[in-house]
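The values are calculated or read from the model by the stated rules, or taken from the named source; none is laboratory data. Just so you know, these numbers come straight off a predicted model, no measurement behind them. Positions of Cβ are generated from backbone atoms using ideal geometry, with glycine treated the same way; all protein chains shown enter the neighbour counts.
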Amino acid sequence: MSNLNQFLETMWVDYTKMNPQAAQIFQAFSKGNKHVLNDHIALRTFNHPKLGIKSLAKHFEKYGYKDCGEYFFKEKKLYAKHYEHQTNPDMPKIFISELELEKMPEFVQKTINQIVELIPQNKIDSEEFIFSGTHWPIEHSVYEKLAEVSEYASWVYAWGFRPNHFTVSINHLDQFKNIQDLNVFVKGLGVKLNASGGEIKGTPEELLEQSSTMANEEPVQFKEGIFKIPACYYEFAKRYPLANGKLYQGFIAKSADKIFESTNKQN
Ligand code: NI
């Protein structure tokens, strides 16, 4: 692939296949030729030596991205880093999280180690890996068993490697004064928002407010047949300025912790 814009566009196309709702919301935001800018794109992986954050980040670092922050999610056994483009602030940040396998029960470790062994190293080294999906056969019974321990583990097991969510920058959408107005607009499209910890995560004092849709359920072909499972979600972020006048660019672990739950199964 020849340039970063094309790479990000291919990620968006793959993502909207998993999340047609995002394409619908994006169109509603862009009505009247409005430009919709992304705040960040999020990816999920495991901290397996072949597959940790670094193995995904290298595909962005070559385009000028740099490691700019780290986050810990003790309860969910996750670790994450965010990357920013060094010269173009309009480029979305990249947020990559990894499941800490050594903190998982033996069944999870064994399953993940088995599926990781099936991925050829040259696939991981090619940038198409970012939207390559699964590289292993999937079983619904294994998916359910993983989900009992870690919803995150089951998501990556079933969907593989692809954008988990895109996030729109509310600061760059002049039709909405605040995140509350945007949430009302999105719900008006018939879309359900993630209400875990309240619809709005974070406060202006924390310099970042976020909300997100609940992931839609999409059909997946498992060994046992086709099952509908939560896919991807769309997120919205409003940033506030630091004392120096520049918008805060980091993330709030407490808020992100709740946002992860946007791929939880809804009853
Ligand atoms: Ni996010």
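Worth pointing out:
- Screening region 193-267 for strands (runs of 3 or more DSSP E) wholly inside it with 1 or more residues that are more than 14 Å from the ligand (Cβ to nearest atom) returns the ranges 217-222, 225-230.
- Residue that is of a type outside the set (K, R), surrounded by 13 or more Cβ atoms within 10 Å (Cβ to Cβ) and either modelled with pLDDT of 95 or more or at negative phi (or both), where the choices are H48, H35: H48
- Some residue of region 48-61 being within 16 Å of the ligand (Cβ to nearest atom) and in contact with a helix residue (DSSP H, G or I) (Cβ under 6 Å, 6 or more places away or on another chain): no
- Within region 108-132, residues that are within 16 Å of L56 (Cβ to Cβ) reach no partner that is surrounded by fewer than 18 Cβ atoms within 10 Å (Cβ to Cβ) and of a type in the set (V, I, T) with beta carbons closer than 6 Å at six or more positions or on different chains.
- Residue match in region 32-43 (condition: within 24 Å of A153 (Cβ to Cβ) and more than 16 Å from the ligand (Cβ to nearest atom)): no
- Qualifying residue in region 67-82 (condition: touching a strand residue (DSSP E or B) at 6+ places or on another chain (Cβ under 8 Å) and more than 21 Å from A253 (Cβ to Cβ)): no
- Within region 209-253, the residues that satisfy the criterion of being among the basic types (K, R) and out of contact with any strand residue (DSSP E or B) (no Cβ under 8 Å at 6 or more places or on another chain) are K223, K246.
- Residue in region 177-198 that is closer than 26 Å to L8 by Cα and within 16 Å of the chain's Cα centre (by Cα) present: yes
- Flag if E75 is of a type in the set (D, E), within 16 Å of the ligand (Cβ to nearest atom) and touching a residue at least 12 places away in the same chain (Cβ under 8 Å): no
- Among residues of region 153-178 that are farther than 28 Å from M104 by Cβ and in contact (Cβ under 8 Å) with a residue 24 or more places away in the chain, those with a Cβ under 9 angstrom from a residue that is within 12 Å of the ligand (Cβ to nearest atom) and aliphatic (A, V, I, L, M), sequence gap 6+ or separate chain, pair up as V168/A237; S169/A237; I170/A237; N171/A237.
- Pairs meeting the criteria (first residue in region 5-29 and under 23 Å from E84 (Cβ atoms), second residue of a type in the set (D, E, K, R) and in a helix (DSSP H, G or I), beta carbons under 7 Å, at least 6 apart or on different chains) are F7/E127.
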